[in-house]
1. From the list Ala355, Ala308, which residue is touching a residue at least 60 places away in the same chain (Cβ under 8 Å), within 26 Å of Leu250 (Cα to Cα) and in a loop (DSSP other than H, G, I, E, B)?
2. Determine if the stretch 216-228 includes at least one residue that is touching a Ser or Thr at 6+ places or on another chain (Cβ under 8 Å), among the β-branched types (Val, Ile, Thr) and not in a helix (DSSP H, G or I).
3. Within the stretch 294-328, take every residue that is surrounded by fewer than 20 Cβ atoms within 10 Å (Cβ to Cβ) and small (Gly, Ala, Ser) and give me the one that is modelled with the lowest pLDDT.
4. Restricting to the stretch 94-130, name every residue that is outside any loop (DSSP other than H, G, I, E, B), more than 22 Å from Pro64 (Cα to Cα) and in contact with a helix residue (DSSP H, G or I) (Cβ under 8 Å, 6 or more places away or on another chain).
5. Only one of (1) touching a Gly at 6+ places or on another chain (Cβ under 7 Å); (2) in a strand (DSSP E or B) fails for Ala323. Which number is that?
6. Select from the stretch 269-293 the residues that are among the charged types (D, E, K, R) and over 27 Å from Ala62 (Cα atoms) and write down the one among them that is surrounded by the fewest Cβ atoms within 10 Å (Cβ to Cβ).
7. Which members of the stretch 242-283 meet the condition of being in a loop (DSSP other than H, G, I, E, B), farther than 21 Å from Ala114 by Cα and under 19 Å from the mean Cα position of the chain (by Cα)?
Amino acid sequence: MADVWVIGGGLAGSLLALALAERGARVRLLDPAPAQETLASSSAVAVARASALSYGGVPWWAGPPDDLGALMATAPACWQRLEARHGPLGWRPCGLRLRWEGGESPAEIASIEAALAGVQALAGRHLPAAAVLEPSSRVPRSGSLRLPYGRVDGRCLAAALPLALERAGVERQRAHAGPLLAGPLPADQVVLAAGASCRSLLPALPERLRVSWAGLLAVEDAAACSPLLPAELAGGDEIVMPLLGQRQGLEARAAQLQGEEWVVDAGLAPWGKGLLLGQTTLVRAGLAKGEPPDPLRLEAALRNALAAIDPRLAEVRAPFHQAPVSFTSPGGPLVGPVAGRPGLWVFAGFSGPFALVPPLAPLLAAAIGGDRNALARLPGC
């Protein structure tokens, strides 16, 4: 197989590099993003990647009713195959607990009932009826719904990926990639997989590729939070999210924004021996990611939202981190050849990357190797 350069050393670029190396390609993995573009933090805690600070949720049963959703449903098997070949990467089955509070008005109760019906319909396409548990309360003023789920521990993944790439023979290099795409390609095939930095490297990408800023609190020792959590959440291996989450809605209307908008979702997820708390999502009008948002304003809003779980969570000593992440609105991710640039490919814009990247990376690797059947199965750009 020909030489391939993969630009972007995050989850997408790394798993694609492993898939290409498995097919016999000589792969060079370039990381073009300066550290300040990869992670903006209110503390000096060093974390290599935005994916290391992600909940790592694998919503494998929550895809659309099309070919992309069918690929998402294979994500657990894909992670198991990756670990069989490259060793532990942090994959594990877990539970997802969707919580809601304060349904008082008829409109609020109707929203909760509609959201519950939607989640149960999605889950029912892939999970047996017995796995789709009934809400804990028949009167949906407050309660939770627990479903089978999966997650990849970001700390484990961040430590394991460099070793897996080295063993696979992938050459890794830190480089400024801008000039690489201005003229002739530096290799037979080049893949742009740099997430939120993709547009700065290739401005002509489709406008549906956009950037949001994601923020959260990172607790080093989960034991510090256990006494503050409701009994059903303390000490478990669950991802907790609000039933009426706002991130996806904000991303869906990104093209209509006239200015900056942000939302807060109060959740939590295990993170090595620690815990990740909450999530802020900020989206700006236009296509540029811009400077990191004001962390003090977003951290204050996040802590206020966490108080709905327990008021003491708002006081937890933990640094606030934020990072730019790419998504597509509308439609699925950008996966495939770049029009008018033979030999140039794109692999970016994943909402739910831990469920989409593992099944799509081998398909794109096969397409780069000349497999037309694989190319036909890709979502396209």
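The values are calculated or read from the model by the stated rules, or taken from the named source; none is laboratory data. Note that this is a predicted model, so its numbers are computed, not measured. Cβ: placed from backbone, ideal geometry, glycine included. Neighbour counts: every protein chain shown.
1. Ala308
2. no
3. Taking the candidates together, the pick is Ala308.
4. Scanning the stretch 94-130 gives a single hit, Trp100.
5. Result: Ala323 passes all but (1).
6. The extreme case among them is Glu291.
7. Gly272
For every residue, the table says whether it meets (1) closer than 25 Å to Ser51 by Cα; (2) at pLDDT 85 or above; (3) within 18 Å of the chain's Cα centre (by Cα); (4) of a type in the set (Asp, Glu).
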| position | (1), (2), (3), (4) |
| --- | --- |
| Pro88 | yes, yes, no, no |
| Trp91 | yes, yes, yes, no |
| Trp100 | no, yes, no, no |
| Glu108 | no, no, no, yes |
| Leu116 | no, yes, no, no |
| Ala121 | no, yes, no, no |
| Arg125 | no, yes, no, no |
| Ala131 | no, no, no, no |
| Arg151 | yes, yes, yes, no |
